[in-house]
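Here's the structure, in structure tokens; my notes come after.
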Amino acid sequence: MSSSMAISLLLLLLLLGAGHMTQPTAAALNQDGVLLLSFKFSLLADPLASLAGWGYSDDTPCAWNGVVCMAFPSSSASEAARVVSVVLPNAQLVGPIARELGLIEHLRHLDLSGNALNGTVPVELLRAPELRVLSLAGNGINGALPDQVGQLRSLRALNLAGNALSGPIPANLTLLPNLTAVSLANNFFSGALPVGGFPALQVLDVSSNLLNGTLPPDFGGAALRYVNLSSNRLAGAIPPEMASRLPPNVTIDLSYNNLTGAIPTLAPFTVQRPTAFAGNAELCGRPLDSLCASAADPPINGTARSPPAIAAIPKNPTEALPGDDTGAPASGSGQQGRMRMATIIAIAAGDVAGIAVLVVVFMYVYQVRKKRQREEAAKQRMGLVAGRALTSLELCQWSSAEESGQQVFRLADAALRGEMAGREEALASCLRLGFACCAMAPHKRPSMKEVVAAMDRIPSPSSSAQ
């Protein structure tokens, strides 16, 4: 009895040991893998099963989808390969961004763009000491961008475009020494632009936000190649000091703001296309077509208060004569006054004569044109009487007055006048209809339906004869 019990107990122990050995243990996976699994389990959905191969059964996550590792000889043998990149763009991942991603010690490249991630940017993610590329564009991330982004001293590219981020842009972005590209477009950032220059920045895109205030005079950077500040609420003038803070060949887009005043006539502003300044109604100067009006320029046309351009006649010709500061009459003032009056009358007479000459010239031109019109009309009448075929233009210019009374029959060919007896009314109706159809203005011409109706009303030769 005791021997059978001992055998049963031995078998039970063997089964328990075998079961324990077949179960996976979390201790087999290194620390980076555990942190990545925390991100996986925080997600609400993975419709493309992009993270299906992530599990505790592996020693390292280096073979997982979207994960890249690098060897670090200084690490222990069990952690020689460490995670440096997590790249999962357009994977349709749904859920928040786990704070554990920021705890991956050697993480350098994180790309989760084009997903459906929501929530805020974890502060822990902005403390990754080796992070160089952070791309979370095209998600639904909201809230403010924490100031801890200024602690990413190794950061080179920051892409948060196409989210719902709000609040001010952290001013300490200008302090990052290695930052070369920043895209914060299509968000809800508000407030002023960061003051100061970017030491290494080449691309800056903060378009389609709610940024307001004025352009800082010290805004810029010596390495900038592209600056897009369009579709914001920036106001005021463009500071000329900005020209010295920007390279002469940089591409700038300041369109669709509330900028006013003159565009500085300095590079790089003078080499931009007009579209770079479009949408600023009160902006003027090159390269725009709207030139700035200078206060020193005299008006082109006289105002309503300007006096007529005729010789000015003083009220008292004897006042303020030369050589007399007191205004008292000087010697010989009567003779000088008569000479001055004669001069003024001569000038006024010259003005009147000039106006008269203009009137005579105008009347002469008018009479010549009127005479030519009468001659042309006479030629047309002679052509009609002689049976000459007129052009369509001449017919259309024929006076409608000729259609009235017996004068209308002069339009008929002389060879047909012998056959007109008893058909005068029909002939007159046909001619009137023809003139109506060749009217110069299209809206005055009858439609085909109206022409047919008019022709039906014209008496036939048989009815006219009766």
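The values are calculated or read from the model by the stated rules, or taken from the named source; none is laboratory data. In this text, all values refer to a predicted model and were calculated from it rather than measured experimentally. Positions of Cβ are generated from backbone atoms using ideal geometry, with glycine treated the same way; all protein chains shown enter the neighbour counts.
Got a sec? Which of G143, G138 is assigned by TED's automatic domain parsing to the domain that holds N30, farther than 23 Å from N30 by Cβ and assigned to a strand (DSSP E or B)?
Values: G138 fails: assigned to a strand (DSSP E or B).
Every option except G143 fails the conditions.
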Quick check on region 109-121. Is at least one of its residues of a type in the set (D, E, K, R), under 21 Å from G150 (Cβ atoms) and assigned by TED's automatic domain parsing to the domain that holds R153?
no
If you take the residues of region 183-209 that are under 22 Å from the mean Cα position of the chain (by Cα) and not in a loop (DSSP other than H, G, I, E, B), which of them is surrounded by the most Cβ atoms within 10 Å (Cβ to Cβ)?
L204
How many residues of region 125-135 are surrounded by fewer than 21 Cβ atoms within 10 Å (Cβ to Cβ) and either in a helix (DSSP H, G or I) or of a type in the set (F, W, Y) (or both)? The answer is 2
I need the full set of residues from region 65-81 which are at pLDDT 95 or above and either of a type in the set (F, W, Y) or touching a Gly at 6+ places or on another chain (Cβ under 7 Å) (or both), in order please.
N65
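Scan region 210-225 and tell me whether some residue there is buried (at least 19 other Cβ atoms within 10 Å of the Cβ), in a strand (DSSP E or B) and in contact with a Lys or Arg (Cβ under 9 Å, 6 or more places away or on another chain).
Yes, because at least one residue in region 210-225 is buried (at least 19 other Cβ atoms within 10 Å of the Cβ), in a strand (DSSP E or B) and in contact with a Lys or Arg (Cβ under 9 Å, 6 or more places away or on another chain).
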